[in-house]
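Quick notes on the structure that follows.
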Ligand SMILES: [Zn+2]
């Protein structure tokens, strides 16, 4: 039995989830996610729950927190693009290596929440992790909240915008990238907007 190619599999999964997807990025290297190239040779080596966790959405996570910025689902849909809505409000994940800020390293400036414009990360918080998503080792104080995420059978820590509750990505600790806090905020490019002027949103 032949297994479909990895990009085909991803497209199939995302299509079945009724979501929009960009073409698979040729630079995308699954082995980076595992640090083990031999595990990425066939789709069989990457169980479906993990693929769904990486690129699907986990909208069932309940969040009863009262965030300062409150909108109904319809109001969010009116102000966000379909992809922003899928990721920020439905806790989806953009395709690795596809985001506009993945390899974006400005010397100064700030990344604001794409949903509510709250300042979240400074340019000097960003570092190159090679994981395929924007990586930050720290955030603007108080801007980002952490929540347990046990979706897809994995224990992870979700990070959200503390102003609107928008889903940003996940945080990983103890990976020894050599940053002062030894943390990696793995953030979807779709969830943030860069501004050169740090003072404009504060
Ligand atoms: Zn926000």
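The values are calculated or read from the model by the stated rules, or taken from the named source; none is laboratory data. Note that this is a predicted model, so its numbers are computed, not measured. Neighbour counts are summed over all protein chains in view; Cβ atoms, including those assigned to glycine, are modelled from backbone coordinates with ideal geometry.
Kindly indicate which of 165, 74 is part of a helix (DSSP H, G or I), out of contact with any strand residue (DSSP E or B) (no Cβ under 6 Å at 6 or more places or on another chain) and either under 25 Å from residue 198 (Cα atoms) or modelled with pLDDT of 95 or more (or both).
Working: 165 fails: part of a helix (DSSP H, G or I).
Only one candidate passes the filter, namely 74.
Is at least one residue of segment 183-201 free of Cβ contacts under 8 Å to residues at least 40 places away in the same chain and part of a strand (DSSP E or B)?
no
Looking at the structure I just gave you, is residue 178 part of a loop (DSSP other than H, G, I, E, B), farther than 23 Å from residue 100 by Cβ and more than 16 Å from the ligand (Cβ to nearest atom)? Break it down into steps so the answer makes sense when it comes.
Numbers: part of a loop (DSSP other than H, G, I, E, B): yes; farther than 23 Å from residue 100 by Cβ: yes; more than 16 Å from the ligand (Cβ to nearest atom): yes.
Yes: the conditions hold for residue 178.
Can you tell me which residue within segment 118-139, out of those that are farther than 20 Å from residue 84 by Cβ and in a loop (DSSP other than H, G, I, E, B), is nearest to the ligand (Cβ to nearest atom)?
Here the residue is 138.
Name the single residue that is farthest from residue 124 (Cα to Cα) among those in segment 141-177 being loosely packed, with under 13 Cβ neighbours inside 10 Å and in contact with a helix residue (DSSP H, G or I) (Cβ under 8 Å, 6 or more places away or on another chain).
Checking each candidate, the answer is 153.
Can you find a residue that is touching a helix residue (DSSP H, G or I) at 6+ places or on another chain (Cβ under 9 Å) and surrounded by fewer than 16 Cβ atoms within 10 Å (Cβ to Cβ) anywhere in segment 120-140?
yes
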